[in-house]
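Report on the structure given below.
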Amino acid sequence: MKVEVIAFSTSGCRTAQRIAAALRNDKVELWAKTSADSLGLPPVSGSLRQWTETAFVADAIVFVGAIGIAVREIAPFVVSKITDPAVVGVDEHGRYAVPLLSGHIGGANDLARRIAAGLGAEAVVTTATDINGKISIDAFAAARGMAIGSLKAAKDVAARVLDGRPVGFLSDFPVIGTVPPELDGGAEAPVGVYVGERTADPFPETLRLTPRRLVLGIGCRRGTPIEAISALADQVLAEHGYSCAGVRAVASIDLKKDEAGLLAYAARLKVPALFYSTAELNAVPVPAGGFSQSRFVTSVTGVDCVCERAAVKAARAGALVIKKTALNGVTVAVCAEDFTVDFRGVQ
């Protein structure tokens, strides 16, 4: 998780350093917007508004100072709970950590709790499901790597959970742990949560959660535009009953790490682009049925099939479900990772 932390006083800078220590497993960048810092944090030379706009591409922002400062600065850039970063406010003495934005999907609630645990502070979490000890379906989906199909449906599910009204649950994937009682409304519930990749709606109002378990292996000619890459990738997924919402990453050979169209496609999907060397791709275990073969690709890259090998290499575990498809100088293969719906640890 990339976390940008900014403080506005020497005391706040000291707390910022403590926050960085508490988040040592994350990528934390510290900043000071004050002339009184004596600890040597990198100073923000431009305006705080400019810094905030730049920081909004990070996974999370922590403002160490008055909550009002944070609220004013983030206001122009707030767009959607799906895309906004987690924002947490911490007082300069490190007594309270307050989630301000994207508490569930963005993870601000959990981040505030982690900061509080590291500082010996109190996390001031105000979201209704949390304070009532009920499952937050959007936080659950985000934490388990699932895409939320409809924010409206997610709100309706949350409202029913809080009111004690029945919510159904159906999964096409194995379930670990016990399904929370809030989701035991059965197949006849008017509103339900469906975990799967089908387009059918099993409930009159369905909140579809799509597991992000697909890795796209992509090869392309130099200079291939995003439109050509997107056209084939989207077509291949749709033809096999998959959705772009289920893509976790795209992968290719490191010769393509500066390929603008490929990088733009990954950015459009908001997923990482992963690149591997020839040696790494050639070391990938050959699955039953083998990899596709191309003498031309081998002569250029040293790899018999970039897209299939890259997909398998980037996948955590699973199977190559779509072998190489080629069109207009683009090749696409898809690996589907194993997935389970894990309710362990859920209240």
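Let me have the 222 nm mean residue ellipticity of the chain computed from DSSP H runs of 4+ only, each contributing -39500 (n - 2.57), with the sum over all residues rounded to the nearest 500.
Helix contribution divided over all residues of the chain: -9000 deg cm²/dmol.
Peptides 227-235, 173-181, ordered by how many other C-beta atoms sit within 10 Å of their residues on average, highest first, read 227-235, 173-181. Residues 307, 13, ranked from the fewest to the most other C-beta atoms within 10 Å, line up as 13, 307.
Working from the Cα coordinates of region 84-130, the gyration tensor eigenvalues give, after taking √(5λ), semi-axes of 17, 10, 9 Å in decreasing order.
Counting only Cβ charges, +1 for Lys and Arg and -1 for Asp and Glu, the dipole size of region 2-126 around its Cα centre is about 140 debye.
P(r) tail for region 2-126: Cα pairs beyond 22 Å make up 24% of the total. Our note on the geometry: Cα centres of region 186-200 and region 54-68, 37 Å apart. From the coordinates of this entry, semi-axes √(5λ) of the Cα gyration tensor in Å is computed, and it appears in [x] 35, 22, 19; [y] 53, 23, 15; [z] 38, 30, 16 under the label [z].
Karplus-based coupling profile of region 296-305, in residue order and whole Hz: 5, 4, 4, 5, 8, 10, x, 10, 5, 8, with θ = phi - 60° in 6.51 cos²θ - 1.76 cosθ + 1.60 and x standing for Gly or Pro. The spread of Cα positions in region 1-68, taken along each principal axis and listed from longest to shortest, comes to 29, 25, 22 Å.
Only beta bridges with both residues in the chain are counted; by DSSP, about 35 percent of them are antiparallel. Residue order for 92, 4, 122, fewest other beta carbons within 10 angstrom first, comes to 122, 92, 4. The amide H of residue 146, built 1.01 Å from its N in the peptide plane, has 212 as neighbours under 5 Å, considering only residues 5 or more places off or on other chains. Its Cα gyration tensor gives region 214-337 an equivalent ellipsoid; the semi-axes, largest first and in whole Å, are 19, 17, 13. For region 256-261, putting each phi into the Karplus relation 6.51 cos²θ - 1.76 cosθ + 1.60 with θ = phi - 60° gives couplings of 9, 5, 10, 6, 4, x Hz, in residue order, rounded to whole numbers and with x for Gly and Pro.
Which residues in region 243-260 place their backbone N less than 20 Å from a point set 7 Å from the Cα of residue 321 along the Cα-to-Cβ direction? Backbone N within reach: 243-252.
Dividing the C-alpha radius of gyration of region 145-211 by 2.2 N^0.38 Å, with N its residue count, gives 1.01. Hey, how many Å between the Cα centroid of region 18-35 and the Cα centroid of region 277-302? After rounding, the separation between the Cα centres reads 42 Å.
Listed by Cβ neighbour count within 10 Å, with the fewest neighbours leading, 93, 104 appear as 93, 104.
With the simple model of a label 7 Å out from the Cα in the direction of the Cβ, residue 282 to residue 132 spans 6.0 nm. Fraction of C-alpha pairs exceeding 14 angstrom in region 284-347: 61 percent, rounded to a whole number.
Bear in mind these aren't lab numbers, they're just calculated from the coordinates by the rules spelled out. What you see is a predicted model; the values in this text were computed from it and never measured. Positions of Cβ are generated from backbone atoms using ideal geometry, with glycine treated the same way; all protein chains shown enter the neighbour counts.
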